[in-house]
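Here is the structure we will look at.
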Amino acid sequence: MSLTRRQFGRQFGCAFCGLAAALLAGSLAAQAPASGRTFLVPGYRPAPASDEKGLWSLMDRVEQELKLSRFVVRDPTLNAYVRDIMCRLAKDHCPDVRTYIVRTAQFNASMAPNGMMEVWTGLLLRCGDEAQLAAILGHEMGHYLRSHTVERWRDARNKSDFGTFLGLGLAVAGLGAFGSLAQLALVASSYGFSRDQEREADEIGLELMSKAGYPPVAAAEVWEQLIDEYKAGTAERARQLLFATHPEPEERMGALREAAAKAGGDAGERGHERYLEKLAGVRAQLVGDELALRQYGRSELVFERLLVRWPDDGQLWFAKGEVYRLRGEDGDAARALASYARALETKNAPPETLRGTMLIELKSGARDRAQAAFEAYLKAKPDAADADALRMLLSQ
Amino acid sequence: MIRLCVCVVAALALAGCAPLVLVQPERQTVGGVISVQPGIKWNKLTMSGYRGNVEVWTLDGPGLNTLLFFTGVPDGEPLFTRATGAAQQEKPAVFRSAMNPVEVQELLEATMARNFQTTIAEARNLKPAPVANGQGFRFETRLVGRDEVERDGVFAGTIRNGKLYGAWFQGAKLHYFKRYLPEFDQMVASAQLVGDAAR
């Protein structure tokens, strides 16, 4: 099965395709890395009367709105952690970049030309360690350092008019109307980068990872994981013929793996346990958001893959059990009970594991076992908000 | 002509308009299966954007409050879908005849998350409640959509002969939900199943 890049954009948001931009070469005060590319200089600001300044102003307004959004995750530990990773990659550019963690259960990260970076929680859930997150942040930094967004914006504006640009973006993003400036930013991010820009961002990302002490191979891993997830999806998806010229994901993954090997392979720090520790404050919420999508095959794959990394994680076993309970196909009740049982053997099974057990047992007519699970649930979570509802089920 | 119609509909959609039919405060039959007695005038949306076994009413406009009647959702069908774009490519979660009230509550949560493209969609405080002269259930909802408006809601429903019947009223937390909650409660209290649903 081969996938177009655009299909991926729709499925997983736009990490690895991101927001559009590039500066006029002449307006850049150049910084030349080993690759010989011209990068934005730290502290760069566009000229006051330039068209780029207009785009920055728009993004500044988007950022002001984003700061107040109910969807921004405020967890201080996680925010500081993501910011630290970004700074480890960005080095001198660190003061120019602001990171925002946005509660959206899809895989996405994007970077605006003014230095506003969005990291979606669906991405955080899927990463198996710090290095994988660094791979995505590094890629987005690549777009930023090379001003791909501005470049793309100018290109679109020159080829058509801005209305067409937005209209196309709307169609791609599937948005019915602008509800906010943040949505406008999303539209902009949906208007994909060119093949060359993506390749360049991949290469820069690998370089940044290597310099920051992360194993570059993590970038290929993330891409491979996304392809697997896509294939696990069951729904029919229409091909985006308009974007059929973009690179195939498998092709890109192969190129990334090859480039990663040259850039240092698996040498570097994974940050495996630290990643889990920093995510702890929001992980239950992220799991719940993923389950709410009811994309059973995909979620099953995500949790199974994470269980390979953290085989004794009760939260993940619980999540896997929930996938089966909610799907409710033949054999799922037994699968759910087995996953819940495995979760309860761990040190961090959420109390809801017992709730799930109760619901499955009740459904299968095992009322005594359901009652026992309910009582254990209340013992583990005395203030359970759904206690009355579950009691109602048991009494029926 | 077709192009003209499409343009008119598109213009209405862009303007946030949907064709409305006035509903008088007298006993009404919804979808041929639910009979209710409104206490005030409502507006029925004939082009609501919702699809499925639903009928949609509003008081102040769909952006401020909506009342969704579930007029017999059968096994294997979603509670409703909305044409909102990319998320709609995926298969929606569906109602099952064997679902209990907890599972219906979870299903509405997932349905809200999908159709309003949000991660802030919650249902809570599930309780048994009489609905349409029989045993039913009721729970509250909370939703924040892409417009960042916080909306409270309440669902009341019952499963009869393997189908889900009910009503979900939701509106902006600020004013538009709470003001009409007594009207919703009164309508639920007046609800009866009629026609095929009553058999």
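Here are the numbers for this structure:
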| item | result |
| --- | --- |
| B:A129 vs. criteria assigned to a helix (DSSP H, G or I) and either at the interface with chain A (Cβ under 8 Å from one of its Cβ atoms) or surrounded by fewer than 20 Cβ atoms within 10 Å (Cβ to Cβ) (or both) | no |
| Residue in the stretch A:322-334 that is away from chain B (no Cβ under 13 Å), surrounded by 15 or more Cβ atoms within 10 Å (Cβ to Cβ) and modelled with pLDDT of 95 or more present | yes |
| Unique residue being part of a helix (DSSP H, G or I) and surrounded by fewer than 21 Cβ atoms within 10 Å (Cβ to Cβ) when the list is A:D368, A:D383 | A:D368 |
| Qualifying residue in the stretch A:341-362 (condition: assigned to a helix (DSSP H, G or I), over 21 Å from A:A292 (Cβ atoms), modelled with pLDDT of 95 or more and within 14 Å of another protein chain (Cβ to nearest Cβ)) | yes |
| Search result, residues across the stretch A:57-75 that are touching a helix residue (DSSP H, G or I) at 6+ places or on another chain (Cβ under 9 Å) and assigned to a helix (DSSP H, G or I) | A:L58, A:M59, A:R61, A:V62, A:E63, A:Q64, A:E65, A:L66 |
| Selection from the stretch A:267-282 of residues that are of a type outside the set (G, A, S) and more than 18 Å from A:R88 (Cβ to Cβ) | A:L276, A:V282 |
| For B:D147: the one exception among (1) among the acidic types (D, E); (2) modelled with pLDDT under 95; (3) within 16 Å of the chain's Cα centre (by Cα) | (3) |
| Test: residue in the stretch B:140-152 that is within 12 Å of chain A (Cβ to nearest Cβ) and under 23 Å from B:A197 (Cβ atoms) | no |
| Which listed residue, of B:F95, B:F69, is closer than 27 Å to A:Q106 by Cβ, crowded, with 23+ Cβ neighbours inside 10 Å and modelled with pLDDT of 95 or more | B:F95 |
| Cβ-Cβ under 7 Å pairs, at least 6 apart or on other chains, the stretch A:345-360 side touching a residue at least 60 places away in the same chain (Cβ under 8 Å), far side among the hydrophobic types (A, V, I, L, M, F, W, C) and buried (at least 21 other Cβ atoms within 10 Å of the Cβ) | A:P350/A:F318 |
| Residue within the stretch A:62-85 that is surrounded by 15 or more Cβ atoms within 10 Å (Cβ to Cβ), touching a Lys or Arg at 6+ places or on another chain (Cβ under 7 Å), closer than 25 Å to A:A260 by Cβ and without any contact (Cβ under 8 Å) to a residue 60 or more places away in the chain present | no |
| When residues of the stretch A:94-125 are limited to those that are over 28 Å from A:V41 (Cα atoms) and of a type in the set (S, T, Y), the one surrounded by the fewest Cβ atoms within 10 Å (Cβ to Cβ) | A:T104 |
| Criterion: in contact with a Leu (Cβ under 9 Å, 6 or more places away or on another chain) and at pLDDT 95 or above - qualifying residue of A:A135, A:A156 | A:A135 |
| Matching residues in the stretch B:22-47 - criterion: being buried (at least 18 other Cβ atoms within 10 Å of the Cβ) and either within 21 Å of B:A197 (Cα to Cα) or without any contact (Cβ under 8 Å) to a residue 12 or more places away in the chain (or both) | B:Q28, B:V30, B:V33, B:I34, B:S35, B:V36, B:P38 |
| Some residue of the stretch A:160-170 being more than 19 Å from A:V62 (Cβ to Cβ) and at pLDDT 55 or above | yes |
| Qualifying residue in the stretch A:290-303 (condition: outside any helix (DSSP H, G or I), more than 12 Å from chain B (Cβ to nearest Cβ) and farther than 25 Å from A:V82 by Cβ) | no |
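The values are calculated or read from the model by the stated rules, or taken from the named source; none is laboratory data. Predicted, not measured: the structure shown is a model, and the values here were computed from it. In this analysis, Cβ positions are derived from the backbone assuming ideal geometry, glycine residues included, and neighbour counts consider all displayed protein chains.
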